[in-house]
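The values are calculated or read from the model by the stated rules, or taken from the named source; none is laboratory data. Please read these numbers as outputs of a predicted model, since none were measured by experiment. Cβ placement follows ideal geometry from the backbone for every residue including glycine, while neighbour counts extend to all protein chains displayed. Surface areas here come from the heavy atoms of the whole protein model, side chains and all, with no ligands, DNA or RNA. Shrake-Rupley method; radii C 1.70, N 1.55, O 1.52, S 1.80 Å.
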Amino acid sequence: MARSLALPATVGQGSARLGDVEPGLLPRFFARVTRSAFGDLTLNDARAEDYITDLLTRFARAEALAAIDVLPGRRLPTVVDALLEIQRVWEWEGPRFDPAKERAVRRHIGDYTLFMTGLFREHVERLAVVDYYETEGRRAYRFLAELGRAEAEPDAPLFARLAAGFERYAGALTYIRKVYFRDTPLPWRGLATP
């Protein structure tokens with residue numbers, strides 16, 4: 001049975017919504033790891049836990065990192081490209097005018113920056129963009145929260161918590177990588193295999 005995250009997915013169709021996460025080994029593995037990490041860190045937020053699980057499942061495939069497809073065959077490989085695309089979709093005389101796509105682009109920015117800042121923090125630090133990623137990630141989730149609140153969407157509070165606690169959730173992803181995604185198992189962790 002698929003677990004619905006109440007946000008119907010339409011990546012590339014202008015939505016910030018999630019669809020069903022199909023059952024399988026990878027989603028179940030990420031759900032188990034995320035649940036354990038949230039328990040270890042005493043983060044009592046089941047909706048954020050589900051969202052992080054879905055984020056890990058979606059971004060397990062490298063092409064998902066640039067998966068926002070605003071035009072057929074055109075990907076947005078960087079945060080800057082995504083921000084520029086938001087400007088383009090609002091140019092009312094331009095060929096890409098479609099303000100509805102801003103939601104999908106903002107969600108991608110939030111998810112990408114959270115994922116990269118959490119799981120690949122050292123890389124983001126080497127690029128000297130930690131503050132930039134945190135700022136843009138919070139801004140993206142805040143936009144989704146405010147838009148969702150205005151449209152009475154049930155997941156608006158989730159995006160508000162992701163915005164307000166961006167560093168905390170990025171820290172949870174860093175914890176997951178360090179504790180559960182190790183090359184060498186920790187002796188007290190049943191999730192790691194020798």
Residue selected from the stretch 45-60 under the condition over 10 Å from Arg35 (Cβ atoms) and more than 9 Å from the chain's Cα centre (by Cα), by the criterion least open to solvent (accessible area, probe 1.4 Å):
Ala48
Exactly one of Ala152, Ala170, Ala128 is assigned to a helix (DSSP H, G or I) and either in contact with a helix residue (DSSP H, G or I) (Cβ under 6 Å, 6 or more places away or on another chain) or open to solvent by 20 Å² or more (accessible area, probe 1.4 Å) (or both), and that one is Ala170
Please enumerate the residues belonging to the stretch 155-167 that are surrounded by fewer than 17 Cβ atoms within 10 Å (Cβ to Cβ) and either under 19 Å from Leu41 (Cβ atoms) or in contact with a strand residue (DSSP E or B) (Cβ under 7 Å, 6 or more places away or on another chain) (or both).
Ala164, Glu167
A careful count of residues in the stretch 131-142 that are surrounded by 18 or more Cβ atoms within 10 Å (Cβ to Cβ) and either of a type in the set (Lys, Arg) or free of Cβ contacts under 8 Å to residues at least 40 places away in the same chain (or both) gives 5
